[in-house]
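For reference, the structure is listed below as structure tokens.
The values are calculated or read from the model by the stated rules, or taken from the named source; none is laboratory data. As the structure is a prediction and not an experimental result, all values here were calculated from the model. Don't worry about glycine lacking a Cβ; one is built from the backbone with ideal geometry, like all the others, and counts go over all protein chains shown.
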């Protein structure tokens, strides 16, 4: 069984190769056209072209993969795990403040007083489900 990091690494390589598929197809088409017109390409030139393409794939991989592994920072997925401060006591419902925005919230860990830190666990519509932030 593969580990999560191994499968995501393979997934990243597949995404990069699919993104470069049109470049590879154009290069193959160029070689086929040159071959059809009996243009001889020296082996050293093929090696140089291969190294250039390989370097390009490596650079694109190094540029794209970190963005694929980065945690989402917008929308629903970006809210889960963020911290906020209680502005209206949660008994079990109240209001919390996150980055200058006020949200209705429901406490999953009992009553929480004003000023305490909470962490978003889930989102139900426009209501956040929160718990006390751990130490």
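For the reader, a short list of remarks on this structure follows.
- The test for being surrounded by 10 or more Cβ atoms within 10 Å (Cβ to Cβ), at pLDDT 85 or above and closer than 30 Å to residue 120 by Cβ holds for residue 83.
- None of 43, 59, 64 is loosely packed, with under 10 Cβ neighbours inside 10 Å and over 30 Å from residue 126 (Cα atoms) except 43.
- Hey, residue 122 in contact with a strand residue (DSSP E or B) (Cβ under 9 Å, 6 or more places away or on another chain) and closer than 30 Å to residue 12 by Cα or not: yes
- Listed by position, the helices (runs of 4 or more DSSP H) contained in segment 6-109 that have at least 1 residues being more than 30 Å from residue 130 (Cβ to Cβ) and touching a residue at least 12 places away in the same chain (Cβ under 8 Å) are 21-36, 43-69.
- Test: residue in segment 68-80 that is surrounded by 15 or more Cβ atoms within 10 Å (Cβ to Cβ) and more than 30 Å from residue 10 (Cβ to Cβ): no
- Selected residue (criterion: nearest to the chain's Cα centre (by Cα)) from residues of segment 111-128 that are modelled with pLDDT of 90 or more and either part of a loop (DSSP other than H, G, I, E, B) or not assigned by TED's automatic domain parsing to the domain that holds residue 96 (or both): 116
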